[in-house]
Amino acid sequence: MSSKGLPFRWLPLALCLLALPALGQAVQPGWFTDPKTGCKMWNAYPVSNEQVAWTGECVDGYASGKGVMRWILAGKPTPKKYEGEMKKGHFDGKGTLVFTNGDTYDGDFKEGERTGKGKMTWFNRNTYEGEWKDGLMDGRGTYKWLGGNLYVGDWAKGRQNGRGKFTFINGNWYEGEFKDGFINGRGRYRWMNGDVYDGEFLDDDRSGTGTFTMNDGRRYVGGWKQDMPDGPGTLTRADGTSVSGTWKMGCLNKGATKAALVATPRECKIY
């Protein structure tokens, strides 16, 4: 195919960066107190010399109800801000969280984490809208890249897991199973030129058994390994004739007939 280097493979890295403070040196999470009001708030990603300020109701010494939480670093306000509902000092309910680098989350929170339904807009204008759990994309959701790529489907712990559809800006698309952010399991990959593969995948490669139908009328049915025909299989030509046998890394030798099926669709040919 080869699908090595698909953009969603770097999503977990982007999410890890999101969780880190953009300024100052990280310190242990804990309770921070507004020095003016004495109201306490849980700060999951604090940095050194950081203070917090709360504008809203204070119940039993903890920020509660609707209000605004701001972060102050070295005595100066930062862009980081939370506006929404609080419960016992934690983000809880509906709210909007703006990170120092401009990343923004708008949606549900529970006990201080993004949990429920919400939309995340990163500073690079990529977006995710859907379900969250414990601060990570989890459930059904849609991730859009600024460049035009699109994934709609299942997530677990911040990665594509389950069934989904990935549509590329060039017109190619894949629909099927994912695991840990990779194409894994059974699915269909269709190229913009009309070539179609139906079958098994392993870590973004065609691997296992599958059917590759080419736009020139040829069709290969059989085994695959590392994105190439490998194992028992049959190649049927456009004129209806066929060759069968055990393929190895894309090639089949049978008597005086040598048929080669190169894995990259643009280079598919028979010798």
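Filter region 122-137 down to the residues that are part of a strand (DSSP E or B) and either more than 14 Å from the chain's Cα centre (by Cα) or not acidic (D, E) (or both) and list them by number. Those that are part of a strand (DSSP E or B) and either more than 14 Å from the chain's Cα centre (by Cα) or not acidic (D, E) (or both): T127, Y128, G130, W132, K133, L136, M137.
Would you confirm whether or not region 52-75 contains a residue that is within 31 Å of the chain's Cα centre (by Cα), surrounded by fewer than 20 Cβ atoms within 10 Å (Cβ to Cβ) and not in a loop (DSSP other than H, G, I, E, B)? So far as region 52-75 goes, yes, one or more of its residues are within 31 Å of the chain's Cα centre (by Cα), surrounded by fewer than 20 Cβ atoms within 10 Å (Cβ to Cβ) and not in a loop (DSSP other than H, G, I, E, B). Condition check: touching a residue at least 60 places away in the same chain (Cβ under 8 Å) and under 12 Å from the mean Cα position of the chain (by Cα). Does R159 satisfy that? In short, yes. Has region 134-142 got any residue that is free of Cβ contacts under 8 Å to residues at least 60 places away in the same chain, touching a strand residue (DSSP E or B) at 6+ places or on another chain (Cβ under 8 Å) and under 28 Å from D34 (Cα atoms)? Checking region 134-142: at least one residue is free of Cβ contacts under 8 Å to residues at least 60 places away in the same chain, touching a strand residue (DSSP E or B) at 6+ places or on another chain (Cβ under 8 Å) and under 28 Å from D34 (Cα atoms). Checked against the criterion of being out of contact with any Asp or Glu (no Cβ under 7 Å at 6 or more places or on another chain) and assigned to a strand (DSSP E or B), the candidates K119, K94, K81 yield just one match: K81.
From (1) open to solvent by less than 80 Å² (accessible area, probe 1.4 Å); (2) within 30 Å of T142 (Cβ to Cβ); (3) more than 24 Å from the chain's Cα centre (by Cα), pick out the condition that doesn't hold for E83. In the conditions (1) open to solvent by less than 80 Å² (accessible area, probe 1.4 Å); (2) within 30 Å of T142 (Cβ to Cβ); (3) more than 24 Å from the chain's Cα centre (by Cα), E83 misses (1) alone.
Counting just the residues of region 86-102 that are more than 17 Å from F32 (Cβ to Cβ) and open to solvent by 60 Å² or more (accessible area, probe 1.4 Å), which one comes out farthest from the chain's Cα centre (by Cα)? Restricting to residues being more than 17 Å from F32 (Cβ to Cβ) and open to solvent by 60 Å² or more (accessible area, probe 1.4 Å), the top hit is K94. The residues listed here are L136, L146; of these, the one that is over 30 Å from W31 (Cα atoms) and not charged (D, E, K, R) is L146. At least 2 residues being farther than 20 Å from G153 by Cα and open to solvent by 50 Å² or more (accessible area, probe 1.4 Å) is the threshold, and among the strands (runs of 3 or more DSSP E) wholly inside region 165-244 those reaching it are 205-213, 219-225, 228-236. Of all residue pairs spaced 6 or more apart or on separate chains, those with beta-carbon atoms under 9 Å, a first member in region 37-65 that is more than 16 Å from G93 (Cβ to Cβ) and of a type in the set (D, E) and a second member that is outside any strand (DSSP E or B) and modelled with pLDDT under 95 are E50/P21; E50/L23; E50/G24; E50/V27; E50/A74.
The values are calculated or read from the model by the stated rules, or taken from the named source; none is laboratory data. What you are looking at is a predicted structure, and each value in this text was computed from that prediction instead of being measured. Cβ: placed from backbone, ideal geometry, glycine included. Neighbour counts: every protein chain shown. Please note that ligands, DNA and RNA were not included when accessible areas were found on the heavy atoms of the full protein model with its side chains. Shrake-Rupley method; radii C 1.70, N 1.55, O 1.52, S 1.80 Å.
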